[in-house]
Amino acid sequence: MTKTMLKMLSLFLLISGAVQAQKTKTPESIQEKKIQSLVKKMTIEEKVGLLHANSKFYVTGIPRLGIPEWALSDGPNGVRAEINRHDWGYSGWTTDSATCFPPGTALAASWNPKLAQERGIVLGEEARFRKKDILLGPGINIIRSPLCGRNFEYLSEDPFLISAMTVPYIKALQSKDVAASVKHFLANNEEENRVLVDVTMSERALHEIYLPGFKAAVEEGGALTVMAAYNKFRGDWCSESEYLDRQILRVELGFNGVLMTDWNAAHSTVKAALAGLDLEMGTDIKDYNEWYFANPLIKAVKEGKVPMAVVDEKVSNVLRVMMKTKMLGDKTREKGSMNTPEHQKAAYNSAAEAVVLLQNQGNVLPINFSQLKSIAVIGDNATRKHTSGGLSSEIKSLYEVTPLEALTKKFGSSLKINFVQGYEKQSTFKEGSNIGQSNSNKVDWKLIDEAVEAAKKSDVAIIFGGLNHDFDTESFDKQDMKLPYGQETLIREVAKVNPRTIVVIIAGSPVELTGIVQRVPSILWAWFGGMEAGNAVADVLSGKVNPSGKMPFTLPVSLEQSPAHALGNFPGRDLKVNYEEDILVGYRWFDTKKIVPQFPFGYGQSYTTFELDGLSTDKTTYSKDEIVRVKFSIKNSGSRLGAEVAQLYVSDPVCSVMRPTKELKGFEKVFLNPGETKIVEMMVKVSDLAFYNESKKGWTVEPGDFLFHLCTSSGDLGQTVKIVVQ
Ligand code: BGC
């Protein structure tokens, strides 16, 4: 038997196995029967019509069988404005302004899965109102390097945190009859050459770091669609990797939804079809009939290169997603709603809970605005709107409140606001190239002098700096980790004349703060905050909201500290990148190599104080199939309502393979009134303490001691309790 015949046989067995499993009478089996009977009625042309787009974001239906056109839309933070059918221009609708949430890093920084759920509900309702069937998000690639242009859109460097936020987001979105499309599968961790770069990594790194978010999305979240990444993985494009798409996604994770390409990321007909790709989107060939999954697929079937059973499998996947989202004549389908006050409140909550208080010497924050006569508001990001940037995640936001607008509205009638520009945006956005960032660090002394004058005559100076979407964007990476536009000099000069200088960083990826941490008392990290950005940050500044965000990534002192850069493998060479740091991504690297970052993963202060105490486990010895019940108390020992994120890390001090110093295995955001104490319980499966054993191609928990650390960041020693696994 030839290799191809073997492949086809195994495919046939796989498909007929799935069909066999569907023979018992459950709602699923009834659904599967309907799917099969629909498939039987289709011509090959009709089948193939369901497997490629007929425009930028739509797929042809089959009206005679009651199958409607399929409508897809970006993106993760809101429902994107309507795009022309056949080009990338906006359609100019007046009804497509939407609610805009803060992007992924801000979502993760809230460490609050309830907010992910809230977001999913809003996105689902707005997508349905706009008659969309699939929303292209969440984007959950690992933040591997501080420079990746799309870090702002993704969530974290830690797979546990990613999974914890992704699952409720997807479940909530899909509860509104809209399919999620979790993206980009897999290893789209840099934008530089994203459509060409070939990524290699160990099986262990794949299973422990890069895959868990997708696994959780599919297995726990029930994600109905997955988007294959642009890049190659071990020599094959992700959209046609037999290993990723068939072996891992279909067999290991049991995914039976739709695997689609990223836009213009299809490269073949036969290879992709056999590997498990279902849907081709965005191909840059004018005649849709000439796309890989159009006429060439019909030809491949006729020539016997792709079995009809494989096409039927794809069509079944499409129909399954349509049924699960109630597209096939179900009158109970969600109708949706748009821009409701509840939606806007959810966007506000998400922005407010994301803000991280990094530093607050002398309790300069919160500001009691009623006692002030004047404030200086400085910096381009005090007035810049960000929701329309970043490329595919851009949103035509119904409105966007800037920090200056919010401060003026809330406090402008009782005090003088001295706004000055402080620094100018010197970069330009150039799609596909970071050249627009070049030479963007000129110090403008005229603007700095103005800022110094404003700061001198004001009680407090607030500098809104950081980045914008010329840096944090799809399609290219940052050139470095510096604060651009001469901001460091501006901040230093302002701090010299006003000891009550607060820096607010608006950015979605790590920037170097070394030059300013010693110079200013207070630093807030406020992310790109979506439509309610200004209101959220103003309320944190005033103390109406007590900051409770925690960094979802490590903030290195300098770029060279972070693993991919320390090892010189970002973005790779000759269009190849090998992830040599292996499983030591983010804090796993910093902890294990004993490198002290600027601010650790999981770090964030509050206006109140907390005491965590009494860490214990229900037993001391566990077998491999048991659950460890961890208990502790947490008290708000200060005088304001606030929330602490209790983080549970685990280490395996003696193991036959290298293990990171510690890994996040649980967390809970606990809200407490002043003086209040709560008892918190967390559960960790012993099986979740395993490492991926490359020689056994599976997970292994080695018997012995494990240490559970209760911390408030990865940089905190916390309290430790030991358990024994038998
Ligand atoms: C992005 C995807 C996006 C798609 C459609 C691609 O360039 O990588 O994340 O969903 O475009 O806009």
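General observations
For (1) more than 30 Å from ALA347 (Cβ to Cβ); (2) within 16 Å of the ligand (Cβ to nearest atom); (3) at pLDDT 95 or above; (4) out of contact with any Cys (no Cβ under 8 Å at 6 or more places or on another chain), each residue gets a yes or a no:
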position	(1), (2), (3), (4)
TYR485	no, no, yes, yes
ILE502	no, no, yes, yes
VAL520	no, no, yes, yes
GLY530	no, no, yes, no
ALA533	no, no, yes, yes
THR554	no, no, yes, yes
ALA564	yes, no, yes, yes
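- Taking residues in segment 141-166 that are within 13 Å of TRP111 (Cα to Cα), and partners anywhere that are within 14 Å of the ligand (Cβ to nearest atom) and among the hydroxyl-bearing types (Ser, Thr, Tyr), the pairs with Cβ atoms closer than 9 Å and at least 6 places apart or on different chains are ILE162/TYR154.
- Just one of the listed residues (GLY675, GLY715) is part of a loop (DSSP other than H, G, I, E, B) and surrounded by 13 or more Cβ atoms within 10 Å (Cβ to Cβ), and it is GLY715.
- Residues located in segment 89-108, provided they are over 13 Å from VAL79 (Cβ atoms) and assigned to a loop (DSSP other than H, G, I, E, B): GLY89, SER91, GLY92, THR94, PRO102, PRO103
- Pairs where the first residue, in segment 610-633, is within 17 Å of LEU648 (Cα to Cα) and the second is part of a loop (DSSP other than H, G, I, E, B) and among the charged types (D, E, K, R), C-beta under 7 Å, 6+ apart: ARG629/ASP618
- Residue match in segment 660-667 (condition: assigned to a strand (DSSP E or B), among the acidic types (Asp, Glu) and either open to solvent by less than 50 Å² (accessible area, probe 1.4 Å) or within 19 Å of TRP111 (Cα to Cα) (or both)): yes
- Taken residue by residue, segment 85-108 has at least one member that is of a type in the set (S, T, N, Q) and within 16 Å of the ligand (Cβ to nearest atom).
- Top-ranked residue in segment 127-164 [being open to solvent by 10 Å² or more (accessible area, probe 1.4 Å) and among the aromatic types (Phe, Trp, Tyr); ranked as farthest from the ligand (Cβ to nearest atom)]: PHE160
- Listed by position, the helices (runs of 4 or more DSSP H) contained in segment 463-581 that have at least 3 residues being open to solvent by less than 10 Å² (accessible area, probe 1.4 Å) and more than 23 Å from ILE209 (Cβ to Cβ) are 487-497, 533-542.
- Annotation: of all residues in segment 582-608 being among the aliphatic types (A, V, I, L, M) and closer than 28 Å to ALA643 by Cβ, the one that is surrounded by the most Cβ atoms within 10 Å (Cβ to Cβ) is VAL585.
- Test: residue in segment 171-179 that is open to solvent by less than 20 Å² (accessible area, probe 1.4 Å), within 16 Å of the ligand (Cβ to nearest atom), over 21 Å from SER475 (Cα atoms) and assigned to a helix (DSSP H, G or I): yes
- Those residues of segment 200-228 which are without any contact (Cβ under 8 Å) to a residue 60 or more places away in the chain and within 15 Å of the ligand (Cβ to nearest atom), in sequence order: ALA223, VAL226, ALA228
- Top-ranked residue in segment 115-124 [being of a type outside the set (Gly, Ala, Ser) and buried (at least 24 other Cβ atoms within 10 Å of the Cβ); ranked as farthest from the ligand (Cβ to nearest atom)]: LEU115
- Segment 219-247, residues that are within 23 Å of ILE134 (Cα to Cα) and surrounded by fewer than 24 Cβ atoms within 10 Å (Cβ to Cβ): GLU219, GLU220, GLY222, TYR230, ARG246
- Unmet criterion (only one of (1) closer than 22 Å to VAL315 by Cα; (2) in a loop (DSSP other than H, G, I, E, B); (3) open to solvent by 20 Å² or more (accessible area, probe 1.4 Å)) for GLU192: (1)
The values are calculated or read from the model by the stated rules, or taken from the named source; none is laboratory data. Since this is a predicted model, take the numbers as computed values, not measurements. Ideal geometry is used to build each Cβ from the backbone, glycine not excepted, and the neighbour counts take in all protein chains shown. The area values use the complete protein model at the heavy-atom level, side chains included, leaving out ligands, DNA and RNA. Shrake-Rupley method; radii C 1.70, N 1.55, O 1.52, S 1.80 Å.
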